[in-house]
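Chemist: Just passing along the structure, written as structure tokens.
All of the numbers you see were taken from the coordinates with simple rules; none came from a lab. The model shown is predicted, which means the values in this text are computed figures rather than measured ones. Using ideal geometry, Cβ is built from the backbone for each residue, glycine included, and neighbour counts are taken over all protein chains shown.
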Amino acid sequence: MQQLHNKKLLWQLPFLVLLIVGTVLIIRQQRYMPYQKSADKVFGTFYHAVYQCDSDLTYSINAELAKVDVSLSPFNPNSVITAVNQNKSVKLNDMFLDVYQLAMKISDETEGAFDITVAPLVNAWGFGFKNGFEPSKLQVDSLMQVIGYRKVRLEKGAIYKTDDRIMLDCSAIAKGYGTDVVARLLRGMGVNNFMIEIGGEIVTSGVNPEGKPWRVGISKPIDDMQGTSQGVQSIVAITDKAMATSGNYRNFYYKGGKKYAHTIDPKTGYPVQHSLLSATVFANSCAVADAYATSFMVMGVEKAQQLLDRHPELMAYLIYSDKDGKNAVWYSPSLKNKLQE
């Protein structure tokens with residue numbers, strides 16, 4: 001019996017050696033495999049990708065982002081969402097459906113703070129993809145008739161609206177979704193170490209070129225319409241997470257001595273007026289982080305904290321103005337050991 005056992009071990013030994021050698025070779029190959037960089041214009045902004053791979057994947061990344069654009073961009077006259085907004089018959093593709101259904105779920109979770117039908121109001125207030133001016137109360141009241149995510153439904157593969165003037169705009173979730181799409185592409189190609197960023201929305205995986213967790217900065221909420229401010233409030237060392245930030249410190253204007261920020265409350269029709277200056281959300285999906293960051297800017301600090309209590313899978317870093325007008329910070333307790341002040 002002992003001889004049989006010894007013979008079995010002898011037969012297994014070569015396989016064990018091969019396994020160990022193969023593992024060592026894979027680890028060495030990964031250690032010395034270069035990190036590539038890709039960048040290009042997309043969604044009216046830029047994307048940047050850093051990833052460990054033996055070849056340049058820029059062409060493949062651009063191809064995936066082009067699919068997102070033709071699904072969700074209201075600037076693209078041939079996109080699915082443009083056809084929906086123009087009340088044309090169109091086949092809804094998987095990307096459009098993914099984002100639409102996620103948007104509706106988060107609208108329910110946030111009691112309408114997140115709403116992809118708010119675009120006409122955003123445009124009327126001088127933001128979005130049409131230039132507007134401060135609307136009158138009558139104009140706001142009129143536009144509110146075509147605002148509300150519950151006025152839209154998906155049925156039998158088609159979008160139905162209670163009013164043909166209702167417009168869908170996924171700008172507050174599309175960049176995050178596009179970042180997720182690139183991350184999914186890279187993982188599908190066997191790339192484990194990467195950071196993808198589209199207009200400030202980020203997905204990280206594995207380690208950076210130094211073999212450490214990726215370090216990302218949270219911007220200080222300094223009024224900066226040109227986007228040139230480099231002020232960093234805090235550094236977060238994080239990996240295998242998505243991150244998105246929304247704030248009122250870049251997209252705003254002053255009129256009559258009053259500041260009008262781009263975050264519009266879908267329930268009132270007016271720009272939000274509260275103490276929250278910026279919201280950074282960490283989640284497993286960048287689309288989710290993107291949508292909740294926008295939602296928190298509508299909800300304000302207290303309501304955002306209440307929602308976070310119900311969603312332990314989310315983490316947030318909120319910068320707000322305290323009672324003395326000074327910047328203050330609140331963040332999820334689970335972020336504490338990831339912050340590098």
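Chemist: Using 0.36 nm per residue of separation minus the Cα-Cα distance, give me the extension gain between ASP98 and ASN78 in nm, one decimal.
Modeler: Taking 0.36 nm per residue and subtracting the Cα distance, the gain is 5.3 nm.
Chemist: Between GLU302 and ASP56, what FRET efficiency comes out of the Förster formula 1/(1 + (r/R0)^6) with R0 = 51 Å and r the beta carbon distance, rounded to 0.05?
Modeler: 0.60
Chemist: Given the Cα-Cα distance of SER275 and ARG187 and 0.36 nm per residue of separation, how much length would full extension add, in nm?
Modeler: Length difference between fully extended and current span is 27.8 nm.
Chemist: Between MET33 and HIS311, with labels modelled 7 Å along Cα→Cβ, what's the label distance in nm to one decimal, could you check?
Modeler: With each label point 7 Å from Cα toward Cβ, the separation is 3.3 nm.
Chemist: Calculate, in nm to one decimal, what ASP324 and THR45 gain on full extension: separation in residues at 0.36 nm each, minus their alpha carbon distance.
Modeler: 96.9 nm
Chemist: First measure r as the distance between the Cβ atoms of TYR160 and ASP108, then evaluate 1/(1 + (r/R0)^6) with R0 = 22 Å and state the FRET efficiency to the nearest 0.05.
Modeler: FRET efficiency, TYR160 to ASP108: 0.80.
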